[in-house]
There are 2 protein chains.
Amino acid sequence: MALGPGPEFDRIRSIAHRLGARAHGLGDDCALLPDGDRTLAVSTDLSVEGVHFRLDWIEPAEAGWRACAGALSDLAAMGAVPVGVLPAIAVPRQASEDDLVALAGGIGDAAGAVGAPVIGGDLSSGPVWSIAITVLGRAERPVTRAGASPDDGIWVTGTLGGARAALEAWRRGETPEPGARAAFARPEPRIAAGRWLSAHGARAMLDLSDGLAGDAGHLAAASDVRLELALESVPVAAAAIAAAKRLDLPVQQFAAEGGEDYELLVALPSDFAAADVREFEEACRIALTRVGTVKRGGGVRAELAGRPLTLRGYDHFR
Amino acid sequence: MALGPGPEFDRIRSIAHRLGARAHGLGDDCALLPDGDRTLAVSTDLSVEGVHFRLDWIEPAEAGWRACAGALSDLAAMGAVPVGVLPAIAVPRQASEDDLVALAGGIGDAAGAVGAPVIGGDLSSGPVWSIAITVLGRAERPVTRAGASPDDGIWVTGTLGGARAALEAWRRGETPEPGARAAFARPEPRIAAGRWLSAHGARAMLDLSDGLAGDAGHLAAASDVRLELALESVPVAAAAIAAAKRLDLPVQQFAAEGGEDYELLVALPSDFAAADVREFEEACRIALTRVGTVKRGGGVRAELAGRPLTLRGYDHFR
């Protein structure tokens, strides 16, 4: 499939070129394997201390929860039901057994919250905590990044910018407000929302780990379409408002450029209506907000208050 | 299931205790999930620079091959056919793109050698190379560690001690001989052998990553039996002979205490005969050697030349 822009994707392209026929279907949220009349979805997601989290910011149990929730979010983006989780954890030599048990407990809690058992894993020592979480799920009708068509609406679940608000505070040496901290430390994988959207006509879906700006580009590339985003509509997390003001950024831009919210970005048919939104919000207890439209062409065009705005993506690979 | 001895297993026990009902079936080579009339086998295996390998010892492509072969070896130990591989790679900031492509190429080559495509994965930066490989396979009749019964024979594939010979040389600052180096850098996952043994009555099986000494203890614990090993019979890699002499150790002890040979340790029914061995060796092109017998009781008892010998296990978690 066509991969979107960004340095991590450049590296994936180089690897895919080297592997040739040995690589199949790289670049979506999950690998898909036939599984009787359903599909098995598998994903593996790496969370490294000092890159994705710091233990002077969050507790070991939160680092485990967050790593696992981020991996489960890839199943949500396929509309899959989680069936099992396998963590591979590198443990610093100076870490206590209590820290390991707390971190693994956070992984188990995030998995347990969506009904998935921990079914295997691996342990090693290492210079820093490194948490690779593999998740397996089953989907009746998996939704890839590649099915968006012109005239589809572009929608997001929940609110954006909360995790970024926490990161910006920590980077200034401050304590984030509780809502921002929770968005970063305890994200909720949108499993129920992903299943609902898959069952109600979702054409293309992915989870917002690289931010709306970055992930819209991935959806556009995979579906070979252009995404037009109306940033006024972006649902902004309450915690992001003050944080955006500090940076003198429009709140919607702050939210659209923030990463790791683990909400879903989804293309829905143009006749998806207000009644459908109410049904979603009643079933899933989170918001569903239209933020744009699919057009012919390529790339992403964002406007705020009638003016084009170039959005920065969020790069984990740093 | 009952877990064997060793510090890594102590940690797994602590984690399993914390997870309670959130953990299922930890401690075997693979997690098993029903998959129509077959079984899906999944395993994840972590390989960390400075712990499992060093890049002044082996090339990036070999580090990738070795990490992937070690993970595939867990599928071999279940009698499973590989269907896909997902690498999650942490890349040091100073590493070149060529090194990443070479390492990922080694992963792809090891997967391709047993017919499995790379179907997904993840990239991050990190302080050292850290390679988490998830493998998926399908088994008609998965063989766990838990089925050995009194009177079964205990057998190993191939020869042992080669990887340890390489490690001992590198640790002395020397260059290992080519056979030893290849055993460490390019192990062959015993996929065909595992399938053959599964189809010919294997009752319990695991792969030798912790060494015969350590892994015999895991098989004994999981099957709730005692293993009596006759060390005279241990098939010793040619490269291990000189290496054992340097340490003034009996060659069989050197081989039995070495780790990471990725051969299979298997319990076969007592009527498994010389004709069966010939059939195996013709089909799989490697040796199959009886090294012991299953008895009632617990633990492992090893004898060399009629004298009991206490074997040291091989601990990766250091």
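The values are calculated or read from the model by the stated rules, or taken from the named source; none is laboratory data. What you see is a predicted model; the values in this text were computed from it and never measured. For neighbour counting, all protein chains shown are included, and Cβ atoms are generated from backbone atoms with ideal geometry for every residue, glycine included. When the accessible area is computed, the model is the full protein with side chains, heavy atoms only, and any ligands, DNA or RNA have been set aside. Shrake-Rupley method; radii C 1.70, N 1.55, O 1.52, S 1.80 Å.
At each listed q (0.12 Å⁻¹), what is the log10 of I(q)/I(0) that the Debye formula gives for chain A modelled as equal alpha-carbon point scatterers?
-0.79
Calculate for chain A the 222 nm mean residue ellipticity that helices alone would give, adding -39,500 (n - 2.57) per DSSP H run of length 4 or more and normalising by residue count, nearest 500 deg cm²/dmol.
Taken over chain A, the calculation gives -11000 deg cm²/dmol.
Add +1 for every Lys or Arg and -1 for every Asp or Glu among the other residues with Cβ under 13 Å from the Cβ of A:VAL225, and state the total.
Residues near A:VAL225 contribute +2 overall.
Note down the magnitude of the dipole of region A:153-309 about its Cα centre, charges +1 on Lys and Arg C-beta and -1 on Asp and Glu C-beta and zero elsewhere, to the nearest 20 debye.
160
Taking Cα pairs under 8 Å and at least six residues apart, what relative contact order does region A:153-309 come out at, in percent?
About 42 percent, as a whole number.
With a 1.4 Å probe, how much accessible area is buried between chains B and A, both sides summed, in Å² to the nearest hundred?
5000
Once label points are set 7 Å from the Cα along Cα→Cβ at both B:ARG172 and A:ASP10, what is their separation, rounded to one decimal in nm?
Calculated label separation equals 4.6 nm.
Please give the per residue accessible area of chain A, computed with a probe of 1.4 Å over protein heavy atoms only, in Å².
Using a 1.4 Å probe on heavy atoms only, each residue of chain A averages 36 Å².
Could you give the size of the charge dipole of region A:249-318 about its Cα centre, using +1 on the Cβ of each K and R and -1 on the Cβ of each D and E, expressed in debye and rounded to the nearest 20?
In debye, rounded to 20, region A:249-318 gives about 420.
Show the residues, 5+ positions off or on another chain, whose built amide H is closer than 5 Å to the amide H of B:GLU260.
B:SER209, B:ASP210, B:GLY211
For the protein assembly as shown, what is the Kirkwood hydrodynamic radius in Å, using each pair of distinct C-alpha atoms?
It works out to 25.3 Å.
With unit charges on the beta carbon (Lys/Arg positive, Asp/Glu negative), name the residue among B:GLY258, B:PRO187, B:VAL277 whose Cα is farthest towards the positive pole of the charge dipole of region B:168-318.
B:GLY258
Let me confirm one metric for peptide B:103-110, namely the mean number of other chain beta-carbon atoms within 10 Å of its residues' beta-carbons.
If you average over the peptide's residues, the count of other-chain Cβ atoms is 4.
Quick one: length gained pulling B:ASP248 to B:GLU303 fully straight, 0.36 nm per residue minus the C-alpha distance?
18.0 nm
Percent relative contact order of chain A, based on C-alpha pairs within less than 8 angstrom and at least six residues apart?
Computed value for chain A: 23 percent relative contact order.
Once the label point is set 7 Å along the Cα-to-beta-carbon vector, what list of distances in nm do you get between B:GLY147 and its counterparts in the other copies?
Its label point is 4.0 nm from the equivalent points in the other copies.
Sort region A:7-139 into rounded, prolate or oblate with this rule: let a ≥ b ≥ c be the square roots of the eigenvalues of the Cα gyration tensor; rounded if a/c is under 1.5, and if a/c is not under 1.5, prolate when a/b is larger than b/c, oblate otherwise.
The shape class here is oblate.
Within 10 Å of each Cβ in B:85-94, how many Cβ atoms from other chains are there, averaged over the peptide?
Across the residues of B:85-94, the mean count of other-chain Cβ atoms within 10 Å is 5.
Could you give the dipole magnitude of the protein assembly as shown about its Cα centre, charging the beta-carbon of Lys and Arg +1 and that of Asp and Glu -1, in debye to the nearest 20?
Its charge dipole is roughly 220 debye.
With a 1.4 Å probe and all protein chains left in place, how much of the accessible area of the protein assembly as shown comes from carbon and sulfur atoms, in whole percent?
Answer for the protein assembly as shown is 48 percent, counting heavy atoms of protein chains only.
Take the alpha-carbon centre of region B:175-213, take the same for region A:114-138, and report the distance between them in whole Å.
25
Hey, for A:GLU303 with labels 7 Å out along Cα-Cβ, what do the inter-copy distances come to in nm, ordered shortest first?
Computed spacing set for this position: 8.8 nm.
Just to confirm the numbers: A:GLU59, label point 7 angstrom along the Cα-Cβ line, distances to the other copies in nm, shortest first?
With the label placed 7 Å along Cα→Cβ, A:GLU59 yields 4.9 nm.
Please provide three numbers in whole Å: the alpha-carbon extents of region B:175-230 along the principal axes, with the largest listed first.
Largest first, region B:175-230 extends 42, 25, 18 Å along its Cα principal axes.
Return the chain A residue and its Cβ-to-axis distance, rounded to the nearest Å, for the rotation relating A to B.
A:ALA132, 2
Would you tally the net charge around B:SER198, using a Cβ to Cβ cut-off of less than 11 Å, leaving B:SER198 out, and scoring K and R as +1, D and E as -1?
Here the charged neighbours net out to +2.
What is the Cα coordinate range of region A:59-210 on the first, second and third principal axes, sorted by size from largest, in whole angstrom?
Sorted largest first, the three principal extents are 54, 38, 23 Å.
Within 12 Å, Cβ to Cβ, of A:ALA71, how many net charges do the neighbouring residues add up to if Lys/Arg are +1 and Asp/Glu are -1?
So the environment of A:ALA71 carries a net charge of -4.
Express in nm, to one decimal, how much length is gained between B:SER270 and B:SER96 on full extension, taking 0.36 nm for each residue of separation and deducting their alpha carbon distance.
Answer, rounded to one decimal: 57.3 nm.
Using Cα-only point scatterers and the Debye equation, what is log10 of I(q)/I(0) for region A:153-309 at each q in 0.14 Å⁻¹, rounded to two decimals?
-0.66
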